[in-house]
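Report on one structure; see the data block that follows.
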Amino acid sequence: NIAIAANTWFAYYGGTIHLRMFSSFPDTHSFPLYLLMVLCFAVSLFAFEKSKLKKYMLGAVIALAAFEAVLSGTRGIWASAVFAVLFIGYLFIRRYSVRREALLPLGLFFLSLPLAALIFNSPQFRFGDTATERAVFAERIKSIIDTEETSNQGRIYIWKETIRSMGEHPLLGVGIGNFPVVLALNPSAIKAGASAHNLYLNFFAELGVLGFIAAVALITVIMKKGWNLFTRGTDEYARFFGLNALIYLIWILWYSMTDVAIFDERAFLLLAILLGVLFALAPRPSAHALSVDER
């Protein structure tokens, strides 16, 4: 039913067609976000697992999740991985302790890119045999910064309309779930995924400046919790989980510059679980810092 009803199962480029992987998810973009959070949990367990069998099983999950994230064909996931790498680079420059296991999923992700090219460029998904069709994977990567590409043109148009709406409704926005109004669409279009294709513009357009400030403040609190857990966690496992939470939240937050797929119910549920664990493990204030009433 998904294959029949969901047109995002297939991507077309320069006369070619290739299948995009996203399990039973209704959207190609929420699936890799889900996988990133799976990687966060899996590598945290992998690093401290004593059983060889379980370690091999977790390693297989990590390898498959990294490969599947590439096979989703989601260019934003490919591009935003760079910011996760930059964050790790910053930690090395500042001489923070980083366990090598944290590098495993990212390493496998980048190794999967040339492997995925073999699938994307395979004869099964080519209608012709031009140079462009033989290099569809490379061309798709180049299209990330191509403003003339159809998908990018659509996003740019939506961003312009969103900014116009923000100017017209700066204080309270158009209301939660009313984004189709920004594009002069029927409100029922929200069911088809009408959005600003940018999480932060979406917040501003729907909630106004006050809601946007609240959303940014919430994101800041979450990232500070992750940093505090990484730098001041009570044990090595907690600190390692804090590191991974930061890596994948940064990856997701930068990806959200081009989509709001994190609001998909499956991805959002796993995000809630990840944040629940993050806040549960976050270091508490020391006893001497508490007031008498708090004690």
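When M37, M21, M166 are compared by accessible surface with a 1.4 Å probe, the order from highest to lowest is M21, M166, M37. Only protein atoms count toward the accessible area here, which uses a 1.4 Å probe; on segment 170-264, the carbon and sulfur part of that area reaches 70 percent.
Where a ≥ b ≥ c are the square roots of the eigenvalues of the C-alpha gyration tensor, would you call segment 67-110 rounded, which needs a/c under 1.5, or, failing that, prolate if a/b is larger than b/c, or oblate?
Judged from the Cα gyration tensor, segment 67-110 comes out oblate (a/c at least 1.5, b/c at or above a/b).
Modelled spin labels at A272 and L183, positioned 7 Å past Cα toward Cβ, are 2.6 nm from each other.
What separates the Cα centres of segment 198-216 and segment 29-93 is a distance of 29 Å. For trypsin sites (Lys or Arg not before Pro), the sites in segment 37-107 that DSSP calls loop and that have at most 14 other Cβ atoms within 10 Å are K50, R94, R95.
Largest first, what is the accessible-area ranking of M257, M57 with a 1.4 Å probe? Walk me through the numbers before you get to the answer.
Details: M257 80, M57 115 Å².
Sorted by accessible area, descending: M57, M257.
Remark: relative contact order (segment 31-99) = 34 percent; criterion is Cα-Cα distance under 8 angstrom and separation of 6 or more residues.
The values are calculated or read from the model by the stated rules, or taken from the named source; none is laboratory data. Everything quoted here is computed from the prediction, not taken from an experiment. Here the Cβ is made from the backbone with ideal geometry for all residues, glycine too, and neighbour counts use every protein chain on show. When the accessible area is computed, the model is the full protein with side chains, heavy atoms only, and any ligands, DNA or RNA have been set aside. Shrake-Rupley method; radii C 1.70, N 1.55, O 1.52, S 1.80 Å.
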